[in-house]
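Working notes, structure below.
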4 protein chains.
Amino acid sequence: MSLPAEFHDIAKRVNNWGRWGADDEIGTLNLITDEVVRAAAAGIRTGRRVALALPLKEDGVQAGLIPGRINPLHTMVQINQELFGPGTVACSDDAVTMGLQCGTHWDALTHVSHSGRIYNGRPATSIAAHTGAQFSGIDKTGPVVSRGVLLDVAATKGVDRLPGDHAVTPEDLAEAEEFGRVTVRAGDIVLVRTGQIQVYLAGDKHGYGFPSPGLSVRTPEWFHARDVAAVANDTLTFEIFPPEHENLWLPVHALDLVEMGMLQGQNWNLETLSTACGQEGRYSFLLSAMPEPFAGATGTPVAPVAIF
Amino acid sequence: MSLPAEFHDIAKRVNNWGRWGADDEIGTLNLITDEVVRAAAAGIRTGRRVALALPLKEDGVQAGLIPGRINPLHTMVQINQELFGPGTVACSDDAVTMGLQCGTHWDALTHVSHSGRIYNGRPATSIAAHTGAQFSGIDKTGPVVSRGVLLDVAATKGVDRLPGDHAVTPEDLAEAEEFGRVTVRAGDIVLVRTGQIQVYLAGDKHGYGFPSPGLSVRTPEWFHARDVAAVANDTLTFEIFPPEHENLWLPVHALDLVEMGMLQGQNWNLETLSTACGQEGRYSFLLSAMPEPFAGATGTPVAPVAIF
Amino acid sequence: MSLPAEFHDIAKRVNNWGRWGADDEIGTLNLITDEVVRAAAAGIRTGRRVALALPLKEDGVQAGLIPGRINPLHTMVQINQELFGPGTVACSDDAVTMGLQCGTHWDALTHVSHSGRIYNGRPATSIAAHTGAQFSGIDKTGPVVSRGVLLDVAATKGVDRLPGDHAVTPEDLAEAEEFGRVTVRAGDIVLVRTGQIQVYLAGDKHGYGFPSPGLSVRTPEWFHARDVAAVANDTLTFEIFPPEHENLWLPVHALDLVEMGMLQGQNWNLETLSTACGQEGRYSFLLSAMPEPFAGATGTPVAPVAIF
Amino acid sequence: MSLPAEFHDIAKRVNNWGRWGADDEIGTLNLITDEVVRAAAAGIRTGRRVALALPLKEDGVQAGLIPGRINPLHTMVQINQELFGPGTVACSDDAVTMGLQCGTHWDALTHVSHSGRIYNGRPATSIAAHTGAQFSGIDKTGPVVSRGVLLDVAATKGVDRLPGDHAVTPEDLAEAEEFGRVTVRAGDIVLVRTGQIQVYLAGDKHGYGFPSPGLSVRTPEWFHARDVAAVANDTLTFEIFPPEHENLWLPVHALDLVEMGMLQGQNWNLETLSTACGQEGRYSFLLSAMPEPFAGATGTPVAPVAIF
């Protein structure tokens, strides 16, 4: 089995290999210039802040379907330990074991490969157990701060959440721009709200993961045309799952991460943000979504914040 | 052994228990209002961004001195795994085990207790193995975004880094305000640069930890008088180590975290920030320093970013 | 709520505190003398060996019901890594994170406490996050090798497995002795087969854990009367679950571990052993069931082997 | 760089590929027959038991030299937690993260590869992140119980421990047989004592690892000629380190594990065993050294016990 011709056609159209030089490891994050950030900051009006991360806990979104991607196991290594003798100040310390993509996270560009290649044409074999990703590890991104734009597709459609078989199309995204009276610009980080995370928040982890609305294989071209810097949403799989085309699994991952070199975010809680955007009457904000710089990692937990 | 009278005297003067109600779990973070953030955002001029986190890696700052606080062990759980059959898009996933306070981090208010109490007078026994911290866990903070102010004590003194026995005093902080032509205000997050992290960056982990310059036991009153929201610096222990007074260990921790309810940050890399502040001619900026919301945790890795 | 009078009555009758001195940390393991082992070895006839541990894997017996007790997460830290240069011998190394009681395991005597006490009357507070169990940690046991006796209650009853509401009684144990033509002696390690592990082996983790046959609260007296050294079985909870008496949870754990100071084993796969005992016509063997000596641990994985 | 001709010459002479069929995954463990075990059991005289594992603890033998191979991080996930309400029986549970080869351990046959191959000629690429070792994982071994023989080279030479540059030769092994009045037979598990572990026990982890006495590249032929089932010793690297021949790293690993398919054990504490053998006047015993059956693992902690 190999990827179909249609996939390769789109791949050619959105490919960014070499666009920022043969040595580039960060792809579309290059589009976030100081000017982009300055303009985004100039849009701040009220100082309101909205956090977008789910709590990191053992009872997190992972339902055991993705081998090795465990929810955080939080443990105490010290509890009120009087390190310097009885009656002294006492310390508590903790440790955690977790899959880096288990909760609200960024995929690094190396999270997927296809046809033996990762972003910028490098060999997929440059990812190894002892080093992780030699190129394009999540520690390479630098600051991920830009204008954020919420494309609230669910609100645009007038529903709480999109049905499980809804592939979010370019037309949906354009409609959501209109709904939010906002135009996606170069360097933006786009957040696409489906409402699907409500299923998890209501306690149904399995239903959250599958079936799930998500991005259509047609969206990468839309993001590419607008020179978007990164995209995140409120689903487990990012793209619609099960997929639109039989036997074409994770095509959006392959197009976004490998071909375009564009960061993807998943399991972002956009519910409070949706309310805030409605109240503020603005669907853009300054977004800080800093990766934890795990050396050579193919993903990272992230605690994004929108500032209005 | 118990804590000396001098300690208890200062404790009384900086104590914030009850100030934001008996139910409060976040202490001085209450001082970060929308107005504070709006004003900070209004100060953004160039859009330049500076990241302040050290890479998270097995060869991190921990030298094995603090039991249980291990550097990140990064492992791969999938490498280019064709989950859906040969020739399909291939996935790489990773997992990590780490001490939550091992690298660039925030201490939660619960990181230390003294005399059986944590912030707001709650019993230290409210921290347990199965739940972590029942109150004031790091997941409770909400967004940590405010004006950041760099008090560059090392640059003020005209040295690369302060000597290992230098306790940073209120006078040093005031001098650094003058140097930076900045006045610390209510709700600010103050970053104090000693230059000590250069020792780690040069490869000497043991020398980094000990002896180390750091904050004097006299600084909590200074921060309290200015209603600072949080303080971070570029050392392993935050306060001078070994301590100023024999047998008075970690007094600054006890005053900041327990009495004031003020977040502390350690192992922040302030070197590039120092250069940037000099170049920009400004020692204040918008600072986003979002905790990863580990449920019940007494600390968290953080990837702070300063925006000019 | 406190433990009922009936519990305390039994507790008095089986209590071994002080029996091997005030400093003792291993309880009934003291009953395994060289003579006991010599006699057990003298019974070896064929050299046949039967392993009793379940594989340790992410898809192990834990179904997420016991917080923090995670199945093993096995990860690679090196894969065919040519540590000394291209063309040299290549190494593969792995790491694991797991609950120590997640699979086939021994409970240490400290795994439970009641009324603030652990075995030998020590305070339960001697278990702490930074040290684990200060007394009676699993690393204290020394060699756990003795005569093993299979009491095959399921086979005795002529059923594949006992029903979920079957509390294994002293009468059942005596019947199984007769069935196996074996008499339990001082120092023996007794394995009680219910057949319940078949539920797990058939893929039903939830059904395995609950409802489950298991030992009756009346069995500790039977084991105490015979001076048994340790007991293990093929269930998740060891004792019948839900329990025999409303609001009396884990009484067998409290009696065996705290009062008697007798090791308990769970999730032992006794299926092949049952077959082997039938074929060999003997229900006793030399049993080696060595704890991994985790310092201060309250449990350990174990890979027991029966030698005929 | 490739392996030298001398290496390939020895490799040919000790190669066991195909000897137990093309499907074999356990190599020389095939040599442990029921008869071998029966004979070993018949040699038990006193019932004395000696445990050979080092405690598993954060302050274990790893000194940070081998990336990813961390000492056990033991943490508590519950401490005296009254799971079923106040006053009920309270539970303590723990979790661990560790390198599987960090302490007293067995290397699985897959721990090393050379020239792209593992034992029985299979491709090294059959080891992957998501599955671990597809063939010859440590979970495949079955029971590892046989006659153990201590070849006490240090005692034979009349020294506490061999010097760091001493390569243990076939002649040394033969001398130690004579010293112990024992003849190594087919199916034996041979323990070679150098005394090097005393360096670790005295607190010098770095000195323990390097320089270290260990097995000479000439020993695999000696073990092969005698059809030994497995070999373990009391060093970090098993073979002499640094190696005997410049640029020939880990040749013994490659010969034992890949060519012969013979398990190797490291960091075994043979000090008490040495004393016991002297006192018993016997250098053979029944040895139980059961791998923990981690699925697909390339190594495992082991808690071996010798029974006299």
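Sequentially through the stretch B:262-275, phi angles give Karplus couplings (6.51, -1.76, 1.60; θ = phi - 60°) of 10, 4, 10, x, 10, 6, 7, 7, 9, 5, 5, 4, 4, 4 Hz, Gly and Pro residues having no value and appearing as x. Rounded to the nearest 500, the helix-only mean residue ellipticity at 222 nm of chain C stands at -5500 deg cm²/dmol, with each DSSP H run of n ≥ 4 adding -39,500 (n - 2.57). Distance between the C-alpha centres of the stretch B:1-34 and the stretch C:154-199: 61 Å, rounded to the whole angstrom.
The GNM of chain B, with springs linking C-alpha atoms under 10 angstrom apart, assigns the highest mean-square fluctuation among B:Asp152, B:Asp188, B:Asp24 to B:Asp24.
Relative contact order for the stretch D:193-254: what is it in percent, counting Cα pairs under 8 Å that are at least 6 residues apart? Show your work: numbers first, answer last.
Working: 68 pairs, mean separation 24.9, N = 62.
For the stretch D:193-254, the relative contact order is 40 percent.
Other chains near C:100-112: what is the mean number of their Cβ atoms within 10 Å of each residue's Cβ?
Values: counts 7, 6, 2, 3, 2, 0, 0, 3, 2, 0, 4, 6, 9.
That works out to 3 on average.
Under a 5 Å amide H cut-off, with hydrogens placed 1.01 Å from N, C:Ser212 pairs with C:Phe241 among residues at least 5 apart or on other chains. Counting Cα-Cα pairs of the protein assembly as shown in 10 Å increments starting at 0 gives whole-percent bin shares of 2, 10, 17, 21, 20, 16, 10, 4, 1, 0. Across peptide D:36-46, the mean count of Cβ atoms from other chains lying within 10 Å of each residue's own Cβ comes to 5. Between C:Thr272 and B:Leu201, the C-beta separation translates, for a Förster distance of 51 Å, into a calculated FRET efficiency of about 0.35. In this structure, the pairs whose alpha-carbon distance is over 26 Å, taken from D:Lys157/D:Lys205; B:Lys157/B:Lys205; A:Lys205/D:Lys140; A:Lys205/C:Lys205; A:Lys205/C:Lys57; A:Lys57/C:Lys205, are A:Lys205/D:Lys140. Net charge in the neighbourhood of C:Gln266 (other residues with Cβ under 9 Å of its Cβ; Lys, Arg +1, Asp, Glu -1) is -2. If you take the square roots of the eigenvalues of the alpha-carbon gyration tensor of the stretch B:203-308 and sort them as a ≥ b ≥ c, do you get rounded (a/c under 1.5), prolate (a/b over b/c) or oblate? The shape class here is rounded. Using a/c under 1.5 as the rounded threshold, could you call the stretch A:39-142 rounded, prolate or oblate? The axes a ≥ b ≥ c are square roots of the C-alpha gyration tensor eigenvalues, and prolate needs a/b larger than b/c, oblate otherwise. Here the stretch A:39-142 falls in the oblate category. Amide H contacts under 5 Å for B:Val228: B:Gly187, restricted to partners 5 or more places along the chain or on a different chain, H placed in the peptide plane at 1.01 Å from N.
Within the stretch D:91-124, list the residues whose amide N lies under 15 Å from a label point set 7 Å along Cα→Cβ of D:Ser2. Within reach of a label on D:Ser2: D:114-117. Between B:Gln134 and D:Asp59, the modelled labels are 3.3 nm apart [label points 7 Å from Cα along Cα→Cβ]. One Cα centroid belongs to the stretch C:200-214, the other to the stretch B:36-92; the line between them spans 39 Å. Highest mobility in the GNM of chain C, judged by mean-square fluctuation with C-alpha springs under 10 Å and restricted to C:Ala39, C:Ala133, C:Ala176, is found for C:Ala39. When both bridge partners sit in the protein assembly as shown, DSSP labels roughly 65% of those beta bridges antiparallel. The alpha carbon gyration tensor of the stretch B:114-188 gives principal lengths a ≥ b ≥ c with a/c of 1.5 or higher and a/b greater than b/c, which makes the shape prolate.
Restricting to chain A, compute how many DSSP beta bridges are antiparallel as a %, nearest 5.
On the way: 28 of 43 bridges.
Approximately 65 percent, going by the DSSP bridge assignments.
Database remark: amide H of A:Asn16 closer than 5 angstrom to the amide H of A:Met260 (H placed geometrically; neighbours at sequence offset of 5 or more, or on other chains; Pro and chain starts carry no H). Shown in residue order for the stretch C:94-103 are the 3J(HN,Hα) couplings computed by the Karplus curve 6.51 cos²θ - 1.76 cosθ + 1.60 at θ = phi - 60°: 9, 9, 9, 10, 7, x, 5, 9, 7, x Hz (x for Gly and Pro).
Work out the FRET efficiency for B:Ser115 and A:Phe210 from their Cβ-Cβ distance, taking R0 = 51 Å, and round it to the nearest 0.05. Don't jump to the answer; show the numbers that get you there.
Numbers: r = 52 Å, r/R0 = 1.01.
Here the calculated transfer efficiency is 0.50.
Peptide B:142-154 has a mean of 2 when you count, residue by residue, the C-beta atoms of other protein chains within 10 Å of its C-beta. Between B:Gln279 and D:Phe179, the simple label model (points 7 Å from Cα in the Cβ direction) yields a spacing of 6.6 nm.
Any idea what the relative contact order of the stretch D:1-160 is, in percent, if you count C-alpha pairs under 8 Å spaced at least 6 apart? Worked out over the stretch D:1-160, it gives 23 percent. Rounded to the nearest whole Hz, the Karplus-based 3J(HN,Hα) values (6.51 cos²θ - 1.76 cosθ + 1.60, θ = phi - 60°) of the stretch C:186-193 follow the sequence 4, x, 5, 9, 9, 10, 10, 9, with x at glycine and proline. So for chain B, averaging the separation of alpha carbon pairs under 8 Å that are six or more residues apart and normalising by length, what relative contact order in percent results? Reported as a whole number, the value is 30 percent.
Every read-out reported here was derived from the displayed coordinates using simple, explicitly stated rules and does not represent laboratory data. Every value quoted in this text rests on a predicted model; they were computed, and no experiment measured them. Heads up, the Cβs are rebuilt from the backbone with ideal geometry, glycines too, and the neighbour counts pull from every protein chain shown.
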